[in-house]
1. Output the peptides C:253-265, B:292-304, C:504-516 sorted from most to least packed, where packing is the average of other Cβ atoms within 10 Å over each peptide's residues.
2. Whose amide H sits under 5 Å from the amide H of B:R106, counting only residues 5 or more places off or on another chain, with H placed in the peptide plane?
3. Over the Cα atoms of chain C, Rg to Rh with Kirkwood Rh, two decimal places?
4. For each pair in A:K65/B:K122; B:K122/C:K368; C:K211/C:K639, compute the distance between the two Cα atoms and list the pairs where it is over 27 Å.
5. Amide H of C:S513: which non-local residues (sequence gap of 5 or more, or other chain) have their own amide H closer than 5 Å, using H built in the peptide plane?
6. Please list 3J(HN,Hα) in residue order for region B:435-440, calculated via the Karplus relation 6.51 cos²θ - 1.76 cosθ + 1.60 where θ = phi - 60°; whole Hz, with x for glycine and proline.
7. Divide by every residue of chain C the summed helix terms, -39500 (n - 2.57) for each DSSP H run of at least 4, and state the resulting mean residue ellipticity at 222 nm, rounded to the nearest 500 deg cm²/dmol.
8. So what's the projected area for region A:110-239, the Cα convex hull averaged over all directions, in nm²?
Amino acid sequence: MPSWIGQALRTGIRTTPYPERPASEEEVPATGRPPVRTTPDPPSADVISSCPSGAIVSSGVDQGKCIRCARCLPGGFAFRGPVEAATGSRSELLQDAPLAAVGRVLDALPPLGGFARSLHVFLVDAGSCNSCNLEVMALSNPLYDSQRLGVFFTNSPRHADALLVVGVPTDEMVPSLRRAYEALPDPKVVIAVGACPISGGVFAGTPGLATSLDDLLPVDIYVPGCPPTPVQILDGILRSVGRGRPREVP
Amino acid sequence: MTTPIRALPRGAEEGVDAAPLGALAYASEDGSLAVYNDYEVGRSVIGPPPDFAGLRTVAETWRRSSKAGVSRPGGPADPIDGYGVFTFPYGPISMGVPESGKFEVRTYGERILGLSPVAGFKSRRILSSVVGSTIPDAALRIERLAGNFSAAHTAAFLAAAESAEGRPVAREELWIRALGQELQRIYNHVHVLARIAEAAAQNVGAAQSHALAEDLLRLQGSVFGHRWLFGAFLPGGPRRATDREAREKLAARLVPLARTFSDLWELFLGSRTFVDRIQSTCVVPRTVALQWGAVGPTLRACGVDWDDRLRVPTVPYNDLFLDLPNESDGDALARLLVRAHEVRASFLLLEQLLDRWPSGTDGDEPPAANVGPERGLGRVESPSGDLVYDVYVKDGRVAGIGMRSASQANFPVFARGLRDGVFTDFHFAWESFGIVFAEVDA
Amino acid sequence: MSNDVLAVLLVVAVATFFLGAALSIIRRSLGYLAALVGSVLLLFTAVVVLLGGPVSSPTWTGPLGEPESLSMDSLSAFFALAASIVWIATSVYSIFYDDRRSPMLAISYCLTVGSIALLVNASSEVLFLIGWETMTLASYGMILQARGAAERVSSAAFVFLAFGEASTLFVILAVAGLRVGTGSFLFGAHLGPGSLATIVFVAALIGFGLKMGIAPFHMSEWLPIAHSSAPSNASAVLSSTLTLAGAYGLFRMVSLLNSPPLWWGAVMLGIGAISALLGALFAAVSEHTKGLPAYSTIENNGLILVALGVALLSRSDGLEELFVFALFAALYQALAHAVAKTGLFLSAGYVEHTSHTFDLNAVDGRVKGTSRAQLLGTVAATLSLAAGPPLAGFVSEWMVLEALFQSYRFSQSWVQFVGLLAGAAVALAAGLILVAMVKFVGFSVLWRPRGGPPGNGAPGLGTVVGGVGATVVAIGVLAPWILQFLAPTASAFAGYSVAAPVGGLLSVPQGWSILSGSPFGILSPPMIPLALAIGSLVGLGYYALGRHRPRRRAAQWMAGSAPGLDGETYTSFGYSTGIRIMMGSVLGTREVRSDVGSVSVAGVDSVEPYSVDLEVFDSFKLFYAALVRLGNGISDVLKVWIMPGRLGRYLAYVLVVVLAVVIYIAAAY
């Protein structure tokens, strides 16, 4: 007789060992890793203009703009950057050397040092395509299970410590976004997930959309990707309380 | 146009089963083009609109009258009044609905007397901003219009552009597009099942379904290099694993996934509490589905047989076996049943696609006939229903674009169907329609 | 204090009320002042009697040849005490509130209050009846002073009068039974068990139950107050003290009946529990600022009956300790309710004065911010009725529930079962009344939507409400000492000396805790605010040291929408719709749709209803309607049958009667 218990026993435990172990290839597909320069020569003008979101600069790749379209690959790039690509500042997203190895663990942000074992996150969709939404929601499924790491998603900003923003903020969503930020009690952090809130992604320059979440709220953590995989989003959230996995040199 | 299309008599009483008929699937902004689905004959008719006042659907009228920004279609919520009745704003950041969208609920407490949806919060002005871009550049944005339907949107857009340009496409490309669409369809349907199970507090079932959905995403990631198939159908995109060895591996990986779904589905149907919760929830009467322009599983749950893969023959679907049973109750259970049928059918389709993969020497496939000078129409069955793209191309660049997504059609139907429901029914109804705000607002 | 001086004070107190009625003709405020003076004197006398001993005025001969006097023993003293606390508040309130041109309200107010004072201090049942009937008539006069549609007001007042006269009828029956059984009209004469005692008990229960608003007579309570929108001081007097008079009558008469059989207590328990549940249920779905408290009165009086029922059951079963505890519970419940309900009605009057509406959905936050005293007083009163610690209602509810919890002590299992069911009903009622009270205080006083306009306050009225709230807090916190103070009352009822169930345990000083059994439960009301205060010191210290983060004010979160601007917030009606639907079978909930028409939605026609109303229905109305139809039907039949207007029939009647008299006289001799 079929039963849920039988089904559960057959399935067994499938939770990822991340962040104790590095992320597997299954969890992070080819385009999940950020692109890095494979040759020491600076990119040519053709290559620079081939990037639809203007992420390629003479010194490397602005990860905050990369939408993982893979058009730059023939021009001397490869998706070989570290999985843990989240940073604490916008400028850090510019990789100024090939295979930049920033091996240090981001220090816990001062306001949230004590929240390492219990962080409540409130998700706001400011104008996303829904893929970032679904990746964030995937953190609650048994394969990632953010709750075992003390990361909980709340239904109300009043109960939250961190504001997770996905999507490029549209003019219509800006008032609600601000209200959500105001409603979070202090201390709090803001985490921008995906290329859209960091720089506008592929929509940069469209009238009626904010250029960047930076212009609206003080952002503390940037998680690049389009969309970032669940382990990368998890890494970004954990970094805000100082629990992120050390960035590896690939 | 050989068969005349009969319209629903104006002012027909709801509940009276009118004769089968057709519905307006899409009408362009400038009124130069209209697409009708003749449900009786099972064919789609395209052309300049004759007098079709009787065929106007709420969905179409609503779509064309709402603008980017906070729009408020004339919903049935407005006239309802009574002692203690008030309008309760739900949203735009309501945690029950994953995306940002607002509902104005007319209620006296527990009952939903009327529901007026307010869309436009997620409008990224995509349709207006792609005008002037090259096709590949425009496709980058179209992909990201609705991430979980990206395969459908990209395939429809590319088909429309190719039709406008008269450009033939390699057969293998069409197979790849079908592969991606079917994989995403399975993912979306499993995700809907997981969300409904969550709402019904079937925690084990929800966890199992979410795990299956995640497995499907990882599969898509390994085959196409991107979990959401961004760049999968575009030149210069991430490398795709479609050689013989990769296809055999993929076919092998699909077998246990199909079995898991079967097992889960059987367990769900055997759970009386689960079935009870979604039975008779948010019933959409057949006449409402027809008059208001429902599409996809929503329409097929009301007994109307229409799927673009069968009715709008394109390569490769025209050659493959596809059996899609309908349901007739029109409630959330029926919509879920339709989705389960589709999942089974999609697994079968994937098997057939991988089996009959075109070889490199097969040559190109001519595009569909255009519908006007430098104007093409692309129609696919997205996971939530019929998706229409209407594209003008000039010198390799997009000169004009129109789009009608499945969510835009089903959105008003949802609002109408939930009338006289209770608050607790909201999430079951919402998830069972599979509406994505991202493609409502575009 | 010498007995004579006290007796004079008592007579003067009662007389002052009637003097006030006369003074009102000259000037309304004089009448209310007289009522205030009378209340203070009565309060003083009651306190002295409770401390010292009973007092009695000189006697005179009454209309039926029996000796009459105004005498206050400990039982009367308690009810006089409770009533005079209420009257002090309402009299001061009335001075500010009454702005009518006609003095009728003031006159009828003084008469009502005076007659209640009279009947509470009556030494014989005849004087009691005189006071009872005067009270009914004077209240009728008060209700007629309501401002509203004349038709509605007079019909509501008539309902009140009808129920009031029915009550008098049953009380007369009880008095007659007592007279026949004991041979005296005096309240000291006890009646032994038997069928006569049963008749007296049932008649007293029905008669006083009618006044207290017990189911199935609860219509008498809510209809006149809610439907006629009687003036607030009248409503307070009606709800608090009229029902107190009913309770007094019941207590008094039951105390005269020796050796009550088991089923009396069980009947009281059952009726009380049902009333409590029904009252709480209808209160939770009421939208009227007066109707809601009126239903709450039904609930609280039900609780008094429950406690009294447990007391009687314990007495019959020989459980002395439970009897004493339940008795004190009943008394304390009466006191707590009287004061808190006054606060509620006076607050409703303030709300009506400020926002000009009796509808909780229409207040729209116009009351908030107008008077801090009124806000605090209303919160205290509603919290007390919702049994929130450490207030009076909390202590009384705890005592009633503790008494019911001890049902297992009864010897007979059916009695235990009745206690169990009653306990469940009372607990459910407590939950429902919480909904009602939160609704009341939230939507009338505590909430203001963004941008709502404030109304004009009335400082005098607000202060009175605040004073009542403070009294409620005091009664709650000082409960153990008040119980000790009321020991003479309980002794007067029991017929022998009883001690209050207070003690000390677990390092709480002696006399600071209430013990519900030995051993069973313990509660120390004064310790609660003490513990709260000590516990808050840490937080307050932290705050005072300035270690806290600077405060930041944030707007209400409404899922991203702007509060107050993007759509409306929940109405009071919506707040309790869940209960309307869930308890739909008891409430008779049904949805009424009207004005159905054709609407064009985005170019497509559809059929939509315009107006949807969710209505509840007091099914007991059907019972009374049926009763009225039955009565009318019978009288129609009899009328036609007995008085057909034919001379021959009337002559036949005369002949029959003459023959009967002749036969009777012949047989007698």
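The numbers here are math on the coordinates, done by the rules we state, and not lab data. In this text, all values refer to a predicted model and were calculated from it rather than measured experimentally. All Cβ positions, glycine included, derive from the backbone under ideal geometry; neighbour counts span all protein chains shown.
1. In descending order of packing, they fall as B:292-304, C:253-265, C:504-516.
2. The list, which skips near neighbours in sequence, is B:F88, B:L113, B:G114, B:L115, B:S116.
3. So for chain C, dividing Rg by the Kirkwood Rh gives 1.01.
4. B:K122/C:K368; C:K211/C:K639
5. Here C:G503 satisfy the definition.
6. Per-residue couplings from phi come out as 7, 10, 4, 4, 8, 6 Hz.
7. Values: 25 runs with 436 residues, N = 669.
Helix-only estimate at 222 nm: -22000 deg cm²/dmol.
8. 7.0
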